[in-house]
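Participant: Before I ask anything, let me first share the structure, which is written out below as structure tokens.
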Amino acid sequence: MKTLDDLTDKLVLWRRELHQYPELSNQEFQTTQKIAQWLGDAHIRILPLGLKTGVVAEIGTGAGPTIALRADIDALPIQEQSDQPFSSRNDGVMHACGHDIHTSIMLGAALALKQRESTLAGNVRILFQPAEETFNGARQLIDAGALEGVSVIFGGHNAPDLPVGEFGTRSGPLHANVDRFEILINGKGAHAARPEQGVDSIVVAAHIITALQTLPSRAFSALESVVLSVTRITGGNTWNVLPQQVELEGTVRTHNTDIRAQVPEKIGRLIEHIAAGFGAQAELRWHAGPPVLVNSAEWADFTKEIAAKEGYRVHDQPPQMGGEDFAFYLHHLPGAFVNIGSASAFGLHHPQFDPSEALITPAARYFSRLAQETLRKLTREQ
Ligand code: NI
């Protein structure tokens with residue numbers, strides 16, 4: 001029987017193959033083909049779920065409980081600047097979040113579990129999920145029935161700020177509710193020298209942007225986590241004309257679902273009345289993203305216990321304001337999401353992001369063991 005260390009070369013090779021040919025969310029056609037091919041070569045069963053992109057595999061004898069492991073497979077619209085010999089050959093597309101690493105980790109876990117298939121106390125379904133970056137891949141897999149019969153789900157992300165060999169998670173909220181907003185401000189265009197003949201939408205926008213920052217600081221308790229960032233301002237195209245319209249775009253992040261529900265109404269009221277005060281109109285368009293990612297206490301503790309047994313230095317992490325569409329699974333099932341150190345000098349979504357490949361084999365071994373021990377625990381408790 002081959003040990004995982006014999007497979008390190010293969011996993012690194014696969015990671016680099018994925019890294020060289022990254023594909024954007026919902027366009028992971030070649031990536032899907034490669035994953036299916038590699039799993040097929042190892043005689044691992046692929047479930048016929050009719051997915052456009054993404055692969056769901058299953059290992060086990062059919063009897064006993066079923067649990068799931070999830071990797072994401074999509075890349076980002078970023079031009080890579082890492083200087084690696086295996087850097088992206090797809091112009092303007094890059095695995096800048098390490099989903100290539102996640103895929104090779106779960107491929108490694110799949111191979112390790114396949115070798116022990118006859119001894120498993122149940123079944124392990126492995127989700128190679130598309131479109132995490134656009135926050136709609138998890139829902140596609142759920143709608144396709146990927147969670148049917150699954151009792152517990154685990155997933156993980158590489159953490160560039162942690163050294164290799166370190167592990168972090170927490171019970172309760174880990175990632176935030178993610179919402180996107182657009183604000184359309186409609187004033188009245190005029191000559192820049194005669195602003196009194198118009199309604200200056202740029203000045204209105206400036207007041208709105210400033211006032212929006214009072215929501216986190218004045219509208220909610222200081223003990224709640226609320227971040228509001230305006231990330232785009234579009235308006236005007238020359239120096240001597242006051243534009244009719246300005247568009248703003250941005251995001252709100254929260255952990256408390258009740259607070260999240262109050263935000264759109266508070267933004268709407270603020271912008272409507274500020275705009276009206278100047279004789280302009282403002283309209284809010286709200287786009288709800290993934291919900292807060294809430295780890296089950298029992299399973300978060302279990303992931304840490306197994307990580308310690310596998311030799312990781314384990315941290316209890318504080319909640320983060322980023323989003324993760326794994327949250328959708330945890331609204332259907334218990335489970336936990338974990339972070340594993342990848343020691344990149346540049347962070348996630350940076351053009352020079354360059355995670356260590358040394359985390360791949362230990363993480364593959366970790367998820368394989370986590371799956372085996374979870375099945376044993378579920379069988380014991382049944
Ligand atoms: Ni990511």
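The values are calculated or read from the model by the stated rules, or taken from the named source; none is laboratory data. For clarity, every value in this text was computed on a predicted model and none was experimentally measured. Heads up, the Cβs are rebuilt from the backbone with ideal geometry, glycines too, and the neighbour counts pull from every protein chain shown. These area figures cover heavy atoms from the full protein model, side chains too; ligands, DNA and RNA do not enter into them. Shrake-Rupley method; radii C 1.70, N 1.55, O 1.52, S 1.80 Å.
Participant: Under the condition of being within 15 Å of the chain's Cα centre (by Cα) and closer than 18 Å to residue 171 by Cβ, which residue from region 332-356 is surrounded by the fewest Cβ atoms within 10 Å (Cβ to Cβ)?
Facilitator: Per the criteria, the residue is 339.
Matching residues to (1) charged (D, E, K, R); (2) open to solvent by 10 Å² or more (accessible area, probe 1.4 Å):
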{"residue": "158", "(1), (2)": "no, no"}
{"residue": "164", "(1), (2)": "no, yes"}
{"residue": "175", "(1), (2)": "no, yes"}
{"residue": "185", "(1), (2)": "no, no"}
{"residue": "193", "(1), (2)": "no, yes"}
{"residue": "203", "(1), (2)": "no, yes"}
{"residue": "212", "(1), (2)": "no, no"}
{"residue": "218", "(1), (2)": "yes, yes"}
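Participant: So, in region 70-85, exactly how many residues are away from the ligand (no atom under 16 Å from the Cβ) and either within 25 Å of residue 44 (Cβ to Cβ) or in contact with a Gly (Cβ under 9 Å, 6 or more places away or on another chain) (or both)? Lay out the reasoning, then the answer.
Facilitator: Here is the first cut: in region 70-85, the ones away from the ligand (no atom under 16 Å from the Cβ) are 79, 81-85.
Pick out the ones that are also either within 25 Å of residue 44 (Cβ to Cβ) or in contact with a Gly (Cβ under 9 Å, 6 or more places away or on another chain) (or both) and you get 79.
Total satisfying the criteria: 1.
Participant: Report every pair of residues separated by at least 6 positions or lying on different chains whose Cβ atoms are under 7 Å apart, first residue within region 84-101 and farther than 14 Å from residue 350 by Cα, second of a type outside the set (Phe, Trp, Tyr) and within 10 Å of the ligand (Cβ to nearest atom).
Facilitator: 101/158
Participant: Answer yes or no as to whether residue 358 is assigned to a helix (DSSP H, G or I) and either away from the ligand (no atom under 16 Å from the Cβ) or among the aromatic types (Phe, Trp, Tyr) (or both).
Facilitator: It is true that residue 358 is assigned to a helix (DSSP H, G or I) and either away from the ligand (no atom under 16 Å from the Cβ) or among the aromatic types (Phe, Trp, Tyr) (or both).
Participant: Only one of 312, 329 is out of contact with any His (no Cβ under 7 Å at 6 or more places or on another chain), open to solvent by less than 60 Å² (accessible area, probe 1.4 Å) and closer than 20 Å to residue 133 by Cα; which?
Facilitator: Just a single option satisfies the conditions, and that option is 329.
Participant: Select, from 149, 156, 98, the only residue that is within 12 Å of the ligand (Cβ to nearest atom) and on the phi > 0 side of the Ramachandran plot.
Facilitator: It is 98.
Participant: Going by what's in this entry, would residue 283 be described as assigned to a helix (DSSP H, G or I) and assigned by TED's automatic domain parsing to the domain that holds residue 219?
Facilitator: no
Participant: How many residues are within 30 Å of residue 148 (Cβ to Cβ) and in a strand (DSSP E or B) if we restrict to region 296-343?
Facilitator: 6
Participant: While we're on this one: I'm trying to understand the selection: among the residues of region 250-281, which are over 11 Å from residue 185 (Cβ atoms) and open to solvent by less than 40 Å² (accessible area, probe 1.4 Å)?
Facilitator: 250, 251, 252, 254, 255, 259, 263, 264, 267, 268
Participant: Could you check, for region 5-21, whether at least one of its residues is open to solvent by less than 30 Å² (accessible area, probe 1.4 Å) and outside any helix (DSSP H, G or I)?
Facilitator: Within region 5-21 (the criterion being open to solvent by less than 30 Å² (accessible area, probe 1.4 Å) and outside any helix (DSSP H, G or I)), the answer is no, since none of the residues qualifies.
Participant: What do you reckon, is residue 173 in contact (Cβ under 8 Å) with a residue 40 or more places away in the chain and out of contact with any His (no Cβ under 7 Å at 6 or more places or on another chain)?
Facilitator: Numbers: in contact (Cβ under 8 Å) with a residue 40 or more places away in the chain: yes; out of contact with any His (no Cβ under 7 Å at 6 or more places or on another chain): no.
No; evaluated as a whole, the condition is false for this residue.
Participant: Taking residue 153 as meeting all but one of (1) without any contact (Cβ under 8 Å) to a residue 12 or more places away in the chain; (2) under 30 Å from residue 63 (Cα atoms), write down the number of the exception.
Facilitator: (1)
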